[in-house]
Amino acid sequence: MSDKGLTETSKFLSYILRHEPHSIGLTLDSEGWGSIDALIAGAAGVGRVLDRRQIEAVVQGNDKKRFSLSDDGLQIRAVQGHSTATVSLQYVPKTPPACLYHGTATRFLPSIEQQGLVPGSRHHVHLSEDAATAIAVGRRYGQVVLLKIDALAMQQAGLAFYQADNGVWLTDHVPIAFIHRGAEPDQ
Ligand code: HQG
């Protein structure tokens, strides 16, 4: 499959497996797993031709390792980023590094200064170990600003952290006291 085909299929799988499984009649369990056969059948029902080979190519080739297959190879899930209420992955709390990063847009700063970082429509606030990844994430929303999070201090204050299989760090809410505005990255 071409890179373009892989990206399109990855976007479709993200939409279905994180946000709208019911749009193709797919049921996910609370850990986010859905049947690959049902996914292929559901996709066909909305005019989207998918096969197992394509799905495996996306799972293996995906730049951010967004998806994983069950050990028996029959099911697929997104490893993070969900908004659908039927899914609630039971992540194991994990001690974070001293500092994590979050990239956002300058236009969100007034609200962040009021509320801290909140998950929006997703289930968690997403944080990165490296500043470059966070900058790329924030740039999707406009003029980017890099925020540095005192993650270890947060955890020591009793706020839990989790790490998805693809390395993304997750937490429920980042209070303003643990957020520092970084230097403005090049736009
Ligand atoms: C912002 C992508 C106003 C927050 C990426 C962000 C990531 C606030 C936006 C993953 C706020 C939510 C997640 C507040 C936070 N007031 N705005 N109090 N608190 N925000 O897309 O972190 O490619 O849900 O800064 O790589 O941007 O999809 O979260 O700008 O890992 O695999 O509200 O999505 O991964 O946006 O991105 P998102 P995100 P994938």
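The values are calculated or read from the model by the stated rules, or taken from the named source; none is laboratory data. Computed from a predicted model, the values in this text were never measured in an experiment. Cβ placement follows ideal geometry from the backbone for every residue including glycine, while neighbour counts extend to all protein chains displayed.
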Note on the stretch 91-116: residues outside the structural domain of ASN166 (by TED's automatic domain parsing) and basic (Lys, Arg) are LYS94
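How many of the residues in the stretch 51-75 are within 15 Å of the ligand (Cβ to nearest atom) and either over 16 Å from the mean Cα position of the chain (by Cα) or over 25 Å from VAL125 (Cβ atoms) (or both)?
Final tally of qualifying residues: 3.
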Failed condition for ARG181, given (1) at pLDDT 95 or above; (2) over 16 Å from the mean Cα position of the chain (by Cα)
(1)
In this structure, is SER83 near the ligand (Cβ under 9 Å from one of its atoms), buried (at least 16 other Cβ atoms within 10 Å of the Cβ) and within 17 Å of the chain's Cα centre (by Cα)?
no
Write out, first by first residue and then by second, each pair whose Cβ atoms fall under 7 Å of each other, whose residues are 6+ apart or on separate chains, and whose first residue, in the stretch 141-161, is on the phi < 0 side of the Ramachandran plot while the second is at pLDDT below 95 and in a strand (DSSP E or B).
VAL145/ARG181; LEU147/ARG181
When restricted to LEU6, LEU17, the only residue closer than 21 Å to VAL79 by Cβ, in contact with a Gly (Cβ under 9 Å, 6 or more places away or on another chain) and modelled with pLDDT under 95 is LEU6
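Residue-wise test of (1) more than 9 Å from the ligand (Cβ to nearest atom); (2) surrounded by 15 or more Cβ atoms within 10 Å (Cβ to Cβ); (3) closer than 30 Å to GLY25 by Cβ.
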position	(1), (2), (3)
ALA78	no, yes, yes
THR95	yes, no, no
HIS123	yes, yes, yes
THR133	no, yes, no
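So, in the stretch 144-169, of the ones that are assigned to a loop (DSSP other than H, G, I, E, B) and farther than 20 Å from GLN80 by Cα, which residue ends up nearest to the ligand (Cβ to nearest atom)?
Checked the stretch 144-169; the qualifying residue nearest to the ligand (Cβ to nearest atom) is ALA157.
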How about the stretch 134-157: which of its residues are over 24 Å from ASP63 (Cα atoms) and either of a type in the set (A, V, I, L, M) or in contact with a helix residue (DSSP H, G or I) (Cβ under 6 Å, 6 or more places away or on another chain) (or both)?
ILE149, ASP150, ALA151, LEU152, ALA153, MET154, ALA157
Does THR95 satisfy the criteria of being assigned to a loop (DSSP other than H, G, I, E, B), hydroxyl-bearing (Ser, Thr, Tyr) and at pLDDT 95 or above?
yes
Looking only at the stretch 16-35, how many residues end up being surrounded by 14 or more Cβ atoms within 10 Å (Cβ to Cβ) and either more than 20 Å from SER68 (Cβ to Cβ) or not charged (D, E, K, R) (or both)?
11
So if I check each of GLN90, GLN155, which one is over 14 Å from the mean Cα position of the chain (by Cα) and exposed (fewer than 12 other Cβ atoms within 10 Å of the Cβ)?
GLN90
From LEU28, LEU69, LEU39, residue being farther than 19 Å from LEU6 by Cα, of a type outside the set (Asp, Glu) and either in contact with a Lys or Arg (Cβ under 9 Å, 6 or more places away or on another chain) or outside the structural domain of ASP172 (by TED's automatic domain parsing) (or both):
LEU28
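Kindly indicate whether PRO119 is of a type outside the set (S, T, N, Q) and under 28 Å from THR7 (Cβ atoms). Spell out how you get there, then give the answer.
Details: of a type outside the set (S, T, N, Q): yes; under 28 Å from THR7 (Cβ atoms): yes.
The answer is yes for PRO119.
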